[in-house]
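No lab work stands behind these numbers, since they all come straight from the coordinates. None of the values given here were measured: they were computed from a predicted structure. Here Cβ is always computed from backbone atoms with ideal geometry, including for glycine, and neighbour counts include all displayed protein chains.
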Amino acid sequence: MEHKSVMLDELKEIVGEGGWREGQDIARYLEDPRDRFHGLSQLVLLPKSTQQVAQIVSLCAKNQIRIVPYSGGTGVVAGQLSTEDQDYVLLSMERMNAIRDLALEDGAIIVEAGCVLADIQSAADEVGMMFPLSMASEGSCQIGGNLATNAGGIQVLRYGNARDLCIGIEAVLPDGSVLSELSPLRKNNTGYDLRHLLIGSEGTLGIITAATLQLKPKNPETTTVFCGISKPEDAVTLLRQLRMELGDVLSAFELLSNIGLQVLQEKFPEERQPLGSAFEWYVLIEAAGDKGLRDNLEGALGNAFESGLVLDAVIAESYAQQEALWRLREMMPEANRLAGAICNSDTSVPISQIGNFIDKTFAAINAIDPALTVNCYGHVGDGNIHCNVFPPDGMNKQEMLKTQAEKIEAIRMCINETTAACHGSISAEHGIGRLKVADLERYGNAAKILAMKQIKSALDPHNIMNPGVFF
Ligand SMILES: Cc1cc2nc3c(=O)[nH]c(=O)nc-3n(C[C@H](O)[C@H](O)[C@H](O)COP(=O)(O)OP(=O)(O)OC[C@H]3O[C@@H](n4cnc5c(N)ncnc54)[C@H](O)[C@@H]3O)c2cc1C
């Protein structure tokens, strides 16, 4: 016990005054954005440099003190929350938030892991470029967390996941050594690419301290359209048709349902359904490209309207209208939370399977209890569909958690089974964290899981880096 408190004092010494928090001051680090878990750490360390991170990890490795890396705390699979016991140190990257370099000729920006995603977007914008990783949590999540979870978001269709936008990485490995590969090289075939091992490793193989990210040229014109359609398969057909007619200009292609819009309007009555009448399904499309793009898109949508694929559409006439259309999508996770969703999936399926997956999921949930409401929405362009399930009228989430936990588990499992039947993944973009450990064991490929365990024990033999995540 005494040994432990000496260790904690030594850790505090590394970060110095203002570099650690405990007691009441750490309450916010222990919260889950979906209110399902509560973290248990006693101490939060806030290093200011890679050198401090290396010293902390070295000391923790020697004394087998467990570390939970923490960035914006917006992760939704409890990867950033130590839920097992109190003997964890939370390592928050928030004070490492400098932009180290803007390498414009290399089309790159070098940032520290604690940079908030929206701040990186703004820094790129200020130099006439764009950093296209974008999601509803971008005002809080940090790039270290984005890389650790290989985050996706709304523009994956065109620009890829966090992984596709990262060309260099700096990280402290579990023994305290520093992997430094921040050069904005586009080609570097010199053995195993540890950058890609660390991306998506959810803090289990080291602490990402900085990254080199690709910047993209801005598009002169951006057009946003909201369409009514009759079924999810039509969204898939429309996506294919628009890509064939317009080329690679679509940057987002989001599916929404009328059920979802009703949930949203109940919680945010000021948000309006933008079409004259309601349809069962909608797509929100963003195209970005050269001047004249809007006319081309209008032409292509006109063809889709004539063939009956699109039932009605509105094109944003101003930036304010674009923003209003996007709010319908971006506020959906919060509306689901406020409406008390009892189950949220982060499913991905091959794009061709989206309609099949949604039909099967509705049927399976209906068979469990026809009074349940299901809101499916998500990124059609990368097959990522989120299913949110709400309690029957007259019942709320807390009551259901107390009295019908088995039914909630049955709903969760039926979505997983449908996902597996459609050759999909139980985690498209959120990761495994502590929430989906059993699901990974059940649905993951056995050879892959064994290799993951071998990599983990080779790099982190004392299991100090975020134990409880993945396994
Ligand atoms: C409203 C809302 C909308 C969202 N929308 C999307 C979306 O569209 N797409 C999407 O992909 N996700 C989305 N998410 C989930 C979440 O925002 C992402 O997973 C995000 O990448 C997490 O970043 P963070 O900085 O908050 O990380 P945290 O939550 O702090 O941490 C996430 C994980 O990464 C590890 N970690 C954090 N920092 C580091 C580091 N420096 N080194 C190593 N490991 C680290 C943590 O230990 C944890 O396992 C959403 C969440 C919310 C609340």
Using the Kirkwood radius over C-alpha pairs as Rh, can you work out the diffusion coefficient of segment 340-428 via Stokes-Einstein at 37 °C, viscosity 0.692 mPa s, in µm² per second? 253
Taking R0 as 51 Å, what FRET efficiency do you get between N189 and N396 from their Cβ-Cβ distance, rounded to the nearest 0.05? 0.40
So what is the 222 nm mean residue ellipticity for the chain from helices alone, if each DSSP H run of at least 4 adds -39500 (n - 2.57) and you divide by all residues, rounding to the nearest 500 deg cm²/dmol? -11000 deg cm²/dmol
Ratio for segment 99-217, C-alpha Rg to 2.2 N^0.38 Å, reads 0.98
Round to the nearest 10 and give me the degree value, 0 to 90, for the angle of helix 2-15's Cα axis relative to the longest principal axis of the chain. 70
For the pair E126/A27, report the inter-label distance in nm, with labels modelled 7 Å from Cα in the Cβ direction. 3.4
How are the alpha carbon pair distances in segment 221-333 distributed across 5 Å bins from zero to the largest one, expressed in percent? 2, 12, 24, 26, 20, 11, 4, 1
What whole-number distance in Å separates the alpha-carbon centres of segment 260-301 and segment 24-76? 40
DSSP-loop trypsin sites (Lys or Arg not before Pro) across segment 128-217, with at most 13 other Cβ within 10 angstrom: R186, K187
Mind pulling up the Rg/Rh value for segment 207-283? Radius of gyration and Kirkwood radius, both on Cα. 1.10
How many Å³ per residue does the convex hull of the Cα positions in the chain occupy? 157
In degrees rounded to 10, the 0-90 angle between helix 354-368 Cα long axis and the longest Cα principal axis of the chain is 80
So which GluC sites (Glu not before Pro) in segment 210-280 are both in a DSSP loop and have at most 11 other Cβ atoms within 10 Å of their Cβ? E270
Mind checking segment 288-359 for GluC sites (Glu not before Pro) that DSSP puts in a loop (not H, G, I, E or B) and that have at most 12 other Cβ atoms within 10 Å? E317
At a Förster radius of 45 Å, what calculated FRET efficiency corresponds to the Cβ-Cβ distance of S58 and I368, to the nearest 0.05? 0.35
